[in-house]
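Quick notes on the structure that follows.
FYI, it's all coordinate maths here, none of it is from the lab. As the structure is a prediction and not an experimental result, all values here were calculated from the model. Note that we place each Cβ from the backbone using ideal geometry, even for glycine, and neighbour counts take in every protein chain shown.
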Amino acid sequence: MTKEITISFEEDIIETALKRARAEDTTLDDLIRGWLADYAQRQRQVDEAMATIEALSGKIDLGGRKFTREEMNER
């Protein structure tokens with residue numbers, strides 16, 4: 001299901017974006033839809049990563065040892 005929203009931009013930004021969209025054979029609607037979908041997906045990925053970190057946080061035992069800065073940055 002789609003939902004319409006209204007957003008406002010300065011006229012010069014819209015004109016420049018329209019010219020570029022036409023040159024790329026697309027529309028502003030498609031570009032904005034794509035950007036918003038990517039933006040939402042990144043948040044879902046962050047949420048999933050944080051849930052994984054929280055789930056693992058009690059399961060990893062480092063034995064109380066503190067690592068030095070050099071050890072943490074070793075590759």
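Using a 10 Å cut-off on Cβ atoms, rank the peptides 15-27, 42-54 from the highest mean neighbour count down.
By packing density, highest mean first, the sequence is 15-27, 42-54.
Could you work out [θ]222 nm for the chain from helices alone, using -39500 (n - 2.57) per DSSP H run of at least four and dividing by all its residues? Round to the nearest 500 deg cm²/dmol.
For the chain, the value works out to -20500 deg cm²/dmol.
Dividing the convex hull volume of the alpha carbon atoms of the chain by its residue count, what do you get in Å³ per residue? Kindly include the intermediate steps, with their values, before the conclusion.
Values: hull volume 16.6 nm³, N = 75.
Dividing the Cα hull volume of the chain by its residue count gives 222 Å³.
Relative to the longest principal axis of the chain, what angle (0 to 90°, nearest 10) does the C-alpha long axis of helix 11-23 take?
90 degrees
In debye, nearest 20: dipole of the chain around its Cα centre with unit charges on the Cβ of K, R (+) and D, E (-)?
460 debye
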